[in-house]
Each structure stands twice: as structure tokens, then as C-alpha cells.
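Undergrad: The structure that follows is given in the form of C-alpha cells.
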Amino acid sequence: MLRRGGLDSSLIVAIAAYETEKATLAQVEARKCKLAEMQNGPPSPIGLISPKMSTVMS
């Protein structure tokens, strides 16, 4: 039930919980990417390096 002139407090709490969960999931994903980068180095652009060009000739 909506109060006159504003949102019901339970709706506000539900929206805040949803937004908090979104922010938490984004932080977890960022930490996963950072950990992977620390372990494997930064990601290389796909398609920029072809297998033929990966060998250095002397």
C-alpha cells in the first residue's frame, strides 16, 4: 500500500536491496578480472595478433 505522497517503506527497502546486490555482483566481477589479470597478465586484443605473426624471425 502506498502512503500519500511517497513510496511505501518496504518498496524502498526492496529497491535498495536490489541495487546493493547489483553493486556487489559488479565488485565481485571486477575482482575476478583483476585476479585473472594478476595471474595471467593483461588480456590481449583478439584478432590483433595472427598465428603467422606470433613467431619472431631472426
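Undergrad: Pick out the one residue from SER50, SER10, SER58 that is modelled with pLDDT of 85 or more and over 14 Å from the mean Cα position of the chain (by Cα).
TA: Of the residues listed, the single one that is modelled with pLDDT of 85 or more and over 14 Å from the mean Cα position of the chain (by Cα) is SER10.
Undergrad: Against the condition polar (S, T, N, Q) and modelled with pLDDT of 90 or more, how does GLN27 come out, does it pass?
TA: It is true that GLN27 is polar (S, T, N, Q) and modelled with pLDDT of 90 or more.
The values are calculated or read from the model by the stated rules, or taken from the named source; none is laboratory data. The shown structure was predicted, so the numbers you read here are calculated from the model rather than taken from an experiment.
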